[in-house]
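Note sheet for the following structure.
The values are calculated or read from the model by the stated rules, or taken from the named source; none is laboratory data. These numbers were taken from a predicted model, which means no experiment stands behind them. For neighbour counting, all protein chains shown are included, and Cβ atoms are generated from backbone atoms with ideal geometry for every residue, glycine included. In case anyone asks, the SASA skips ligands and DNA or RNA and just uses the protein heavy atoms, side chains included. Shrake-Rupley method; radii C 1.70, N 1.55, O 1.52, S 1.80 Å.
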Amino acid sequence: SQTEMRRLRARVAARAASSDTAPRASWAHRVGWAKFFSACVAACRPKSLTAAVVPFAVGTALRLRQAGDGGTLNWPTACPAFFGYVLMQIGCNLVNDACDFVKGADGPTRVGPARVTQRGVFRAKSVHRCGVVCLLAAFALLVPAGLGLDWNHQGGITSYNVNKPFLTWSLLSCAAAYLYTGGPYPLGYHGLGDCTVVAFFGVVATGLACAAHGDHHVSGGFYAQSPSSDSENSSRSLFTPPVLLAGTQTGCLAAVLLAVNNLRDAFTDSKVAKKTLAVVFGTDFVKREIYFLVATAYGLLVLWSVDFDGTSCNAASLGESCAWFNPTWASVLPSLTLPLALEVTNCVRKVFPGTTECNEILASAALAHLAFGVSLAAGLALDMGSVPSGGFSWFSVGGLGFGG
């Protein structure tokens, strides 16, 4: 790995000497308030907000899919939660901007897009403080869903039910967003960034989005709020099998963004002891990681069409359970985005680490993530009402109605 890193430094230095490929800041030729607002928008990294939109859309679709069992969408609590998701992503970006600069990861030789702290537009302390404020505001916006508030038509609160797992995981999510590059043990600097993204930007975010629509009158479904049942008011009810599946899929594609980012910054990260997987195991390992993440996300699509309980096989008459394949919209629509993902893997195979070409791959990976998330959410919504009465039986669905 050390030998590979020395060769990488030499090649990157040679390319830098032969051409000026430094990304241009969006505020570079602006002055006054125009420069200020442009820099503020750039600091929020609008293109990265898909990491907040995708899990929320998928979680909402999972809740909508249960409508056939009496489920409803609770927008008075879900809308604040959505803005909380957006603020959480912005807060993570701002803390990352400040901490990477302080730790030396974002220096003059940075290959990626210009950062406001790196270019001296704002002080690192100010950017860091804004990031913390955004994360606190994000948690505050998630609280109404955690309290299970019900409003009447006049806008008054009719009832509430404190859901401790929801509030706990919301707080942990905000903490993970900060600890990714902040705190005494930044996760991204110790090779834990990829796992954090899959867990919190995938599974946890999807589960919280689904739970934000929780209906007090629904039982046996994805998520139920009932003061009389400890099992329903638990993390187990928050992370049901469908949530784990959808969250893992979207989380894997979100982790692809981080992996491409680490592939691009392998040279500069190694100089400041930022131990990403690209630095610890080498860039070839990260390329294989990207292949694995993409294969996992698309390979798991088949599970949306498999009935492991065998209810569709008329198990009672057969005398034994069986599993059979019944395609659903949730398995078909996301597969149509496979060419976008294959384009990313093909470019990753050819790209030279540490160059600006990685920025183009990063944009393509973001598009693939968004397209997959939107199509999965659409598929889940189209499968609405396919959940059997009494709960979501482990993927016993019947969306498209293919077969007998």
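For region 112-122, state whether one or more residues are basic (K, R) and over 24 Å from L370 (Cα atoms). Looking through region 112-122, at least one residue is basic (K, R) and over 24 Å from L370 (Cα atoms).
Selection of region 352-363 for residues being surrounded by fewer than 19 Cβ atoms within 10 Å (Cβ to Cβ) and either without any contact (Cβ under 8 Å) to a residue 60 or more places away in the chain or aliphatic (A, V, I, L, M) (or both) yields E357, E360, A363. Filtering region 93-126 to residues that are aliphatic (A, V, I, L, M), in a loop (DSSP other than H, G, I, E, B), open to solvent by 10 Å² or more (accessible area, probe 1.4 Å) and at pLDDT 80 or above leaves only V121. The selection criterion, being at pLDDT below 85 and open to solvent by 70 Å² or more (accessible area, probe 1.4 Å), does not hold for S312.
Here is a check on your reading of the model: is L136 buried (at least 22 other Cβ atoms within 10 Å of the Cβ), in contact (Cβ under 8 Å) with a residue 12 or more places away in the chain and either aromatic (F, W, Y) or not in a loop (DSSP other than H, G, I, E, B) (or both)?
no
The residues of region 52-79 that are surrounded by fewer than 19 Cβ atoms within 10 Å (Cβ to Cβ) and on the phi < 0 side of the Ramachandran plot, listed by number, are V53, A67, G68, T72, L73, W75, P76, C79.
Among the residues of region 335-351, count how many are of a type outside the set (G, A, S), in a helix (DSSP H, G or I) and in contact (Cβ under 8 Å) with a residue 60 or more places away in the chain.
Residues meeting the conditions: 3.
Got at least one residue in region 20-29 being part of a helix (DSSP H, G or I) and at pLDDT 60 or above? There is no residue in region 20-29 that is part of a helix (DSSP H, G or I) and at pLDDT 60 or above.
Which residue is nearest to V143 (Cα to Cα), if the candidates are limited to region 172-194 and must be in a helix (DSSP H, G or I) and either aliphatic (A, V, I, L, M) or open to solvent by 20 Å² or more (accessible area, probe 1.4 Å) (or both)? Out of the qualifying residues, it is L172. For the structure I just gave you, tell me whether V272 is at pLDDT below 90, aliphatic (A, V, I, L, M) and open to solvent by 10 Å² or more (accessible area, probe 1.4 Å). Yes: the conditions hold for V272.
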